Amino acid sequence: MLNQLHGQPESYEKKAKYKFGRTLGAGTYGVVREAESPEGKVAIKIILKKSVKNNEQMVYDELHLLQRLKHPHIVKFVDWFESRDKFYIVTQLATGGELFDRICDQGRFTEKDASQTIKQVLEAVNYLHDNNVVHRDLKPENLIYVTSDSDSDLVLADFGIAKTLDSSQDSLNTMAGSFGYAAPEVMAKQGHGKPVDMWSLGVITYTLLCGYSPFRSENLTDLLDECTKGSVIFHERYWRDVSEDAKDFINCLIVPDPEQRWTSEKAMGHIWLTGHAVPDHDLGPKMKEKLREEVERRRAVRERFKNAILTVSLQNLGSGPDDGQKLHKVVMAMKNRKAEEDAENLEAAEAESTESGSAVGRNTTSTSSI
């Protein structure tokens, strides 16, 4: 009642359960922070309502989706609440690091390790597809180890642009995904569905085995052209010790025509994932050196384009390829500069409220909302 008198939604009282800690990341819509709860540590995604103004349904869709997904390789939903100006989504805290970072830091990494890693991801994707859900933003940054233990599970996170299909024939038309991992039908705006996740998984698998992406273009026009050529190149220097089964698995996924691309169910039966003859030799320092370069390249791309270059509709780009790219970069730069300012302001306000203890209905373990 007190919250409502002060203009806060009823669910805001849940905030008193959490003691907010360090910021784990920031993006277009807000920040993710670590927090303590009576049940243990959690991650809380804090979304600025003004960042999703007129598109609040996107947040409710994500909440509805997270609440019904239950799989060992999908980040677990815990709770949610809201204040006047923010949404808070509470999930399992995964502290073991992103997929590529973890591999760069660990010692021996074999093709068999890669096979088992991809199998975990595919199990999550297959579960989603069985439930008519398309993740649409499958990338290494969204694959996180739960703990730093060597046998830790890998979980798929960030369902902010995931969609539930009404039927297996349903087609999505909004631009979504991340540069370098989005399928060609997404970039060409031809309508898309479950096959986009399989393309992304193919790109991740390729990179995991050799340390670099199969596609190196840095603008949308060239990347689309590169992706639609229909052939994946396995450079002898980096692929000579990788099995033909692994290459075949990749070739079944990185297929320009989504109708010909393998489904998650079919891929689950591929011999590279099910066979006992997957090579167990170390992929070597060369792969890790290239992977470190790829991680840094990805970070540079994220710094320039932030949360996916594909979030702006192609309809808003210029008519010529050069003009379109320039306009696209300007729009994204303006959007992300504003988002960074909002995220920084949000973080500062949250930190200030933690220190001041001035929240309505606050107890000794909570932080306040503005």
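Which one is nearest to LEU224 (Cα to Cα) among residues in segment 177-201 that are of a type in the set (Gly, Ala, Ser), part of a loop (DSSP other than H, G, I, E, B) and touching a Leu at 6+ places or on another chain (Cβ under 9 Å)? Explain how you work it out, then say what you get.
So in segment 177-201, the residues of a type in the set (Gly, Ala, Ser) come out as 177-178, 180, 182-183, 188, 191, 193, 200.
Cutting the leftovers down to part of a loop (DSSP other than H, G, I, E, B) gives us 177-178, 180, 182-183, 188, 191, 193.
The next check asks that each one be touching a Leu at 6+ places or on another chain (Cβ under 9 Å); those that pass are 177-178, 180, 182, 188, 191, 193.
Working: GLY177: 13, SER178: 13, GLY180: 10, ALA182: 10, ALA188: 7, GLY191: 15, GLY193: 18 Å.
Checking each candidate, the answer is ALA188.
Considering (1) over 16 Å from ASN142 (Cα atoms); (2) in contact with a helix residue (DSSP H, G or I) (Cβ under 8 Å, 6 or more places away or on another chain), say which one LYS49 fails and leave the rest.
With (1) over 16 Å from ASN142 (Cα atoms); (2) in contact with a helix residue (DSSP H, G or I) (Cβ under 8 Å, 6 or more places away or on another chain) applied to LYS49, the lone miss is (2).
Would you check if LYS45 is basic (Lys, Arg) and over 20 Å from the mean Cα position of the chain (by Cα)?
Numbers: basic (Lys, Arg): yes; over 20 Å from the mean Cα position of the chain (by Cα): no.
Answer is no for this residue.
Among the residues of segment 47-65, is there at least one that is in a helix (DSSP H, G or I), at pLDDT below 90 and assigned by TED's automatic domain parsing to the domain that holds LYS163?
No - not one qualifying residue is present in segment 47-65.
List the number of the failed condition for LYS229; all other conditions in (1) at pLDDT below 95; (2) under 22 Å from ALA182 (Cβ atoms); (3) surrounded by 13 or more Cβ atoms within 10 Å (Cβ to Cβ) hold.
(3)
Suppose the filter is touching a residue at least 24 places away in the same chain (Cβ under 8 Å) and farther than 22 Å from GLU296 by Cβ; does ARG136 pass it?
Against the criterion (touching a residue at least 24 places away in the same chain (Cβ under 8 Å) and farther than 22 Å from GLU296 by Cβ), ARG136 qualifies.
Return the residues of segment 102-111 that are assigned to a helix (DSSP H, G or I) and crowded, with 16+ Cβ neighbours inside 10 Å; say none if nothing qualifies. Explain how you work it out, then say what you get.
First, pick out the residues of segment 102-111 that are assigned to a helix (DSSP H, G or I): 102-105, 111.
ARG102, ILE103, CYS104, GLU111 - these are the residues of segment 102-111 that are assigned to a helix (DSSP H, G or I) and crowded, with 16+ Cβ neighbours inside 10 Å.
Restricting to segment 166-186, and then to whatever is among the hydrophobic types (A, V, I, L, M, F, W, C) and in contact with a Phe, Trp or Tyr (Cβ under 7 Å, 6 or more places away or on another chain), can you tell me which residue is nearest to VAL255 (Cα to Cα)?
The first filter runs over segment 166-186 and keeps only residues among the hydrophobic types (A, V, I, L, M, F, W, C), leaving 172, 175-176, 179, 182-183, 186.
Remaining after also requiring in contact with a Phe, Trp or Tyr (Cβ under 7 Å, 6 or more places away or on another chain): 179, 183.
Values: PHE179: 17, ALA183: 9 Å.
Step by step, filter segment 166-186, then rank; the result is ALA183.
Given the residues LEU154, LEU172, LEU138, which is the only one that is farther than 30 Å from VAL242 by Cα, aliphatic (A, V, I, L, M) and assigned by TED's automatic domain parsing to the domain that holds ASP280? Before you say what the answer is, go through the steps one by one.
Working: LEU154 fails: farther than 30 Å from VAL242 by Cα; LEU138 fails: farther than 30 Å from VAL242 by Cα.
Criteria check complete, one pass: LEU172.
Could you list, in sequence order, the residues of segment 22-31 that are closer than 14 Å to VAL90 by Cα and out of contact with any helix residue (DSSP H, G or I) (no Cβ under 9 Å at 6 or more places or on another chain)?
Scanning segment 22-31 gives a single hit, LEU24.
Table: residues versus (1) under 17 Å from GLY30 (Cβ atoms); (2) buried (at least 20 other Cβ atoms within 10 Å of the Cβ); (3) of a type in the set (S, T, N, Q).
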| position | (1), (2), (3) |
| --- | --- |
| ASN55 | yes, no, yes |
| MET58 | yes, no, no |
| HIS64 | no, no, no |
| LYS70 | no, no, no |
| LYS76 | no, no, no |
| GLU82 | yes, yes, no |
| PHE87 | yes, yes, no |
| GLN92 | no, no, yes |
| PHE100 | no, yes, no |
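Residue by residue through segment 32-46, note down the ones that are in contact with a Lys or Arg (Cβ under 8 Å, 6 or more places away or on another chain) and either at pLDDT 95 or above or within 14 Å of ILE89 (Cβ to Cβ) (or both). I'd like the intermediate steps shown before the answer.
Within segment 32-46, the subset in contact with a Lys or Arg (Cβ under 8 Å, 6 or more places away or on another chain) is 32-38, 43-44, 46.
Matches in segment 32-46: VAL32, ARG33, GLU34, ALA35, GLU36, SER37, ALA43, ILE44, ILE46.
Which residue out of THR174, THR147 is in a loop (DSSP other than H, G, I, E, B), farther than 21 Å from HIS192 by Cβ and β-branched (Val, Ile, Thr)? Can you show your working first?
Numbers: THR174 fails: farther than 21 Å from HIS192 by Cβ.
So the residue among THR174, THR147 that is in a loop (DSSP other than H, G, I, E, B), farther than 21 Å from HIS192 by Cβ and β-branched (Val, Ile, Thr) is THR147.
Could you please give the count of residues in segment 146-161 that are buried (at least 21 other Cβ atoms within 10 Å of the Cβ) and modelled with pLDDT of 95 or more?
Going through segment 146-161 one residue at a time, the tally reaches 3.
Table: residues versus (1) closer than 16 Å to ILE204 by Cβ; (2) among the aliphatic types (A, V, I, L, M); (3) modelled with pLDDT under 65; (4) assigned to a helix (DSSP H, G or I).
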| residue | (1), (2), (3), (4) |
| --- | --- |
| LYS266 | no, no, no, yes |
| TRP272 | yes, no, no, yes |
| ALA277 | no, yes, no, no |
| LYS286 | no, no, no, yes |
| LYS290 | yes, no, no, yes |
| ARG297 | yes, no, no, yes |
| ARG304 | no, no, yes, yes |
| GLN315 | no, no, yes, yes |
| GLN325 | no, no, yes, yes |
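Could you tell me whether segment 123-131 includes any residue that is buried (at least 24 other Cβ atoms within 10 Å of the Cβ), in the same structural domain as LEU201 (by TED's automatic domain parsing), within 11 Å of the chain's Cα centre (by Cα) and touching a residue at least 40 places away in the same chain (Cβ under 8 Å)?
No, that holds for no residue.
Condition (residue is assigned by TED's automatic domain parsing to the domain that holds ARG240, at pLDDT below 95 and in contact with a His (Cβ under 8 Å, 6 or more places away or on another chain)) applied to segment 86-106: is it met by at least one residue?
No - not one qualifying residue is present in segment 86-106.
Return the pairs, sorted by first residue and then second, in which the second residue is modelled with pLDDT of 95 or more, the first residue lies in segment 252-281 and is polar (S, T, N, Q), the beta carbons are less than 6 Å apart, and the residues are 6+ apart or on different chains.
Within 6 Å, the pairs are SER264/VAL125; SER264/ASN126; SER264/HIS129.
The values are calculated or read from the model by the stated rules, or taken from the named source; none is laboratory data. Model, not experiment: these values are computed from the prediction. Don't worry about glycine lacking a Cβ; one is built from the backbone with ideal geometry, like all the others, and counts go over all protein chains shown.
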